[in-house]
Every structure is written in C-alpha cells, then in structure tokens.
1. Using alpha carbons only, how many angstrom separate the centre of the range 115-166 from the centre of the range 235-274?
2. Grab the alpha carbons of the range 239-307, take their convex hull, and tell me the volume per residue in Å³.
3. In degrees between 0 and 90, to the nearest 10, how far off the longest principal axis of the chain does helix 36-57 point, with axes built from Cα atoms?
4. If I model a spin label at Ser388 and Leu281 as a point 7 Å from the Cα along the Cα→Cβ vector, what separation in nanometres do I get?
5. Between His467 and Thr288, with labels modelled 7 Å along Cα→Cβ, what's the label distance in nm to one decimal, could you check?
6. Counting other C-beta atoms within 10 Å, which of Leu508, Leu263 has the fewest, and how do the rest follow?
7. How large is ³J(HN,Hα), in whole Hz, for each residue of the range 329-346 in order, when computed from phi with the Karplus curve 6.51 cos²θ - 1.76 cosθ + 1.60 and θ = phi - 60°, using x for Gly and Pro?
8. Taking every Cα atom in the chain, find the radius of gyration and the maximum pairwise distance Dmax, and write them in Å.
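No lab work stands behind these numbers, since they all come straight from the coordinates. Note that the structure is predicted; figures quoted are calculated from it, not measured. Counting neighbours? That spans all protein chains shown, and the Cβs are built from the backbone with ideal geometry, glycine included.
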Amino acid sequence: MKSEVKTAEQLAKEQREISVAEFFEKNRHLLGFDNPMKALMIAVKEMVDNSLDACQEAGILPEITIKIRELSEDRARVSVEDNGPGIVKEQIPRVFGKLLYGSKFYKMRQGRGQQGIGVSAALLYSQLTTGKPAIVISRTAKGKPAHEMHIRIDTSKNEPEVIKDEKFEGNFNDHGTYVEMEMEGKYRKGDRSVDEFIRQTAIANPFAKLVYHVNGEKVTYSRIIEQLPKEAKQIKPHPQGVEMGVFEKMIKMTKGRTIAGFLSGDFTRVGPNTAKDILKLAKVNPNTKPDKITREEMEKIWRNLQKAKLMKPPMDCLSPIGGDVLEKSLKKDVGVDFTAAITRSPDVYRGMPFQVEVCIGYGGKLDPAGSAQIMRFANRVPLLYQGSSCAITKAVQDIAWKSYHIEHQNNNPTGPLVIVVHMASVWIPYTSESKEAIDPYDEIEKEIKLAKQDCARKLKTYLAGQHRRMLEGKRKGLFEKYLPEIANNLSLLSGEKDAEIRKHLEKLLSKGVVDESENGESEGEIKSTGEESS
Ligand SMILES: Nc1ncnc2c1ncn2[C@@H]1O[C@H](COP(=O)(O)OP(=O)(O)OP(=O)(O)O)[C@@H](O)[C@H]1O
Ligand SMILES: [Mg+2]
C-alpha cells in the first residue's frame with residue numbers, strides 16, 4: 001500500500017497553536033491528576049495552599065474548612081472555605097478558569113503557590129471528568145455583597161466561561177472564599193491520602209485552624225500558636241540566578257531609562273557603582289537606553305554580572321517554621337518522647353535564597369518495628385508523592401544512620417522515628433508542574449544533609465543516655481535481687497544486725513545510682529564516628 005506523502009504546504013495547513021489548557025487536558029498526569037485517589041488529594045491541596053497563601057498575605061489567622069463527600073464509587077464533591085481576603089468579582093473567572101494566571105509567578109517571595117496553574121488545573125480535571133463547573137463564592141469585606149459564580153474553562157482558548165454570576169444571599173463569612181468542585185475521585189485512608197495531607201499541613205502551619213469533614217465525620221486541628229509567621233518580604237532577582245534568556249526579557253520589559261539604571265534598579269545587590277563597574281568591563285556606555293543594547297552587548301554584560309563579586313541576596317524573603325514550633329507541633333501530633341530540631345542559616349542556589357530546617361521525633365507512640373516516616377515540606381506544603389526523586393529523600397538516604405545508632409534498610413532508617421524536613425525558598429525547584437518533589441541541587445541536598453546530621457547527633461546522645469539508664473537499671477535490679485543474701489552473710493561475718501546492714505546497703509545502692517547518672521559518662525563525651533567528622 002502506498003503511504004500518503006505530504007508537502008510542506010499541506011503540513012502547514014495542519015499546523016496550529018495549542019492552548020495550554022488543551023495541552024494539560026491531554027496531559028493531566030503532568031499536573032498530578034493521574035489516578036482518582038491522588039486527584040482528590042491534589043485538588044484539596046491546591047485549594048488549601050491558596051487559602052493559606054491568601055490569609056497569610058492579608059495578615060489573617062487562617063480558619064479553613066475542608067469537606068469531602070463521596071457521591072459514588074469513583075466520584076466525590078470537594079469544597080474548601082477560607083476566611084481570607086476574598087477575590088474581587090472581576091478576577092474570579094480568570095483565577096479559576098484560566099491556566100497560567102496568578103499573582104505569584106513574578107514575585108520573588110516565599111509562598112505556597114508559584115506557577116499560576118494550581119486551582120485552575122483542579123477545575124480542568126473536574127470539568128474533564130464530570131462536565132460540571134466549579135462553584136465559587138467570595139466576599140471581600142463586611143458590608144459588601146458576596147458573589148456566587150459558576151465557572152468552566154474554554155479549553156480551546158484557555159479562557160474562562162461564566163455560567164452563573166449573581167449575588168449570594170445565604171450566610172457567608174465577612175470575608176473569604178468558598179470553592180466547590182465535583183470530580184472523579186476516590187477517598188482512601190493511608191500515607192498519601194487527603195487525611196495525611198491535612199494532618200501534615202497542620203504540623204507545618206500551626207497558626208491555622210483546619211476543620212476537616214469527610215463523609216460526615218469531622219476532625220478539627222486547632223491552632224498550636226496564635227501568631228502568623230514572620231512576613232516573608234518580596235525581593236528583586238539576584239543577577240547570579242538569572243539565565244541569559246530571562247536577562248534579555250528583563251531588558252525588554254524594564255522601566256529603567258538607562259542600562260545602568262536597569263542594572264541597579266531591577267536587581268538586588270547591584271548598586272549604581274557596581275553597575276558602572278560591570279558596564280565598564282563590558283565596554284558599554286552606562287547611559288545607553290535599554291532598547292538600544294545589542295545582543296552582543298547584552299551577553300557581555302550578563303557574563304560580567306555572573307563573574308562579579310556580589311553580596312548574597314537578602315534573606316528576609318524567607319520565613320522558616322522555626323525549630324521550637326516544629327518540635328511543639330510534632331509532640332502534639334505524634335506524642336513522641338524526644339525531639340530535636342535545627343533551622344540552618346539561609347543559603348543560595350542558582351541565585352535563589354533558601355533555608356532548610358529539620359526536626360526529628362523519636363519513641364512515644366511511634367511503631368518501634370516500622371520504618372521511619374519522612375515528612376517532606378516545601379514552603380510549608382506537605383509533599384506526599386514522588387519521594388524517590390526528591391532532594392529530601394536522597395539526603396536522608398545519604399546519611400550513615402548506623403553511626404547514629406539507628407537501624408536502616410537500604411539506607412532508609414527504621415525504628416520509632418519521624419523526620420520532618422522543610423525547605424523554604426522564594427522559588428522551589430520542583431521536578432515537575434505537579435510540584436511533588438524538590439530537584440536535588442547540590443547546595444540544597446548539602447544543607448538538608450547537614451541539618452539532618454545535626455538532629456541525628458542529638459538523637460544519638462539521647463539514645464546513648466537511654467541505653468546507659470537501661471544498663472544502670474539492670475545492674476541495680478541484679479544487686480537488689482541478691483541484697484538480702486549479701487546482708488545476711490555480712491551479718492553473720494560481722495555480727496551486726498541483718499536489718500541495719502540491709503538499710504545501709506539500700507542507701508548505698510540508691511546513692512550510687514544517682515552519683516553514676518550525675519558523674520558518669522557525660523552525654524557530650526560520646527564520641528562520634530566517621531559520618532559526623534565528614
Ligand atoms: N482562596 C483564595 N483567596 C484569595 N485569592 C486566591 C484564592 N485562590 C486563588 N487565589 C488567587 O488566584 C491565583 C491563582 O491561583 P492558582 O492556584 O491557580 O495559582 P498560584 O497559587 O498563583 O500558583 P500555583 O500554580 O503554584 O498554585 C493566586 O495567585 C491568587 O492570587
Ligand atoms: Mg495555587
């Protein structure tokens with residue numbers, strides 16, 4: 001059979017633009033919606049992330065109600081309601097009905113959302129699997145009307161379609177947003193469930209009250225602290241984190257009137273003098289208008305910027321959870337006997353400030369025979385999938401657990417242990433659009449590893465103390481067992497009263513044990529092995 005041969009002209013007729021919504025309609029797995037159980041969790045995650053971001057940006061202590069109702073074997077209704085600042089009526093359609101539309105992508109600021117895809121992707125999935133629009137109700141202030149809108153996405157254009165738009169007359173918060181979607185989704189319990197997502201969200205966001213209803217059952221996570229975290233400031237990009245293509249785009253879009261003004265105005269850590277020095281090295285007149293800069297000049301400026309000795313970016317753009325808060329959270333959640341935490345100093349990857357913190361919990365209600373649980377967080381958002389490709393898991397596996405008295409299987413620690421790792425950054429380098437795992441940049445992995453080693457060292461000291469106390473107990477028990485016989489023999493030899501000797505020995509025994517724990521092997525003296533000296 002003769003195959004059909006096409007000319008360039010015929011092919012040209014078939015070529016057309018693809019809207020981003022159509023692309024993700026066909027590739028919903030790229031956004032994480034690849035099975036009904038996971039889809040439910042991701043939809044909740046996107047809505048809860050947005051609610052927490054909005055509350056924090058507006059300086060409001062969040063109170064968020066999450067509801068899941070299974071409608072049939074593989075269909076569920078999900079809703080999330082917050083007490084945030086609300087969304088102005090004109091913006092609602094685009095926020096929910098247009099992919100790659102949001103307020104965070106261009107900001108260099110620590111936040112849960114960053115791409116402008118999250119909640120519109122959940123809507124796309126809901127529409128694809130049920131054909132139903134999303135219901136949004138929002139009010140921006142007391143006294144103002146609440147609006148109800150039903151929204152779909154016109155995928156061929158990636159534009160919103162408003163099905164219903166009217167005042168909402170029912171009871172509603174003074175300010176806040178309610179979002180409801182129906183979707184192909186399965187509710188299951190387990191490590192990667194919505195339950196687990198909410199539980200871990202409460203651990204990393206102890207200033208939020210979360211009320212979670214699932215099929216009529218209600219669980220409330222009350223606040224552990226009553227203050228919002230320190231505000232994360234917005235910063236300008238650091239030149240050493242900006243790639244050539246982005247640099248070119250920034251020159252095209254700048255409001256700076258000269259190239260020197262652009263450098264010192266649009267970047268952090270480039271003052272007027274540094275700008276002049278760099279332009280001198282690149283042999284470019286500092287007064288040149290940005291739109292007159294040639295490609296060659298652009299590249300020379302960029303190269304000199306990359307080589308320049310610049311200060312690291314400012315770090316007030318980061319807002320870590322805090323070691324003490326994490327310890328409190330973990331103790332409340334898991335009821336562990338021991339916790340240790342560290343918040344590392346901020347560092348930089350690709351010009352992006354980031355900070356790592358780790359908290360370890362041990363013992364208590366944790367299963368001594370199980371594997372350790374690793375809780376991964378990026379900007380306070382729990383990451384439940386793609387663990388094996390995540391910088392956090394890799395850093396855990398890279399630690400010689402044995403040298404910290406922790407058993408392991410294939411370098412995955414075992415025992416009654418929970419390890420919480422949080423990475424805070426103005427931009428989390430996710431491995432994909434579905435934001436499930438952190439790309440293992442060397443700088444990031446190194447920081448995680450150092451933080452973990454620090455906590456593991458404290459755990460080792462605790463375990464050594466526990467071991468010593470156990471041995472003491474055994475020794476004491478043995479002596480106590482034979483004490484009557486010893487007292488009796490001594491009495492026969494010395495002629496003193498048996499009871500007197502016994503009293504004396506008991507006093508000695510209790511004193512000896514106390515002395516030993518005060519003066520014996522001090523916890524700080526325990527020598528570390530190879531791992532820690534590396
Ligand atoms: N509950 C809410 N309250 C106030 N504003 C909201 C709420 N939900 C969404 N928004 C606004 O809608 C925008 C789009 O949300 P969306 O989840 O699609 O993207 P994003 O949060 O910016 O980034 P990401 O794709 O990483 O989630 C947000 O940037 C925010 O400005
Ligand atoms: Mg979002």
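1. 36 Å
2. 72 Å³
3. On a 0 to 90 degree scale, this one is about 90.
4. The modelled label-to-label distance comes out at 4.4 nm.
5. Calculated label separation equals 6.6 nm.
6. Details: Leu508 11, Leu263 26.
So the ranking, lowest neighbour count to highest, is Leu508, Leu263.
7. Result, ordered by residue: 4, 5, 4, 5, 6, 9, x, 7, 7, 9, 9, 9, 9, 8, 10, 6, 5, x Hz.
8. 30.1, 119
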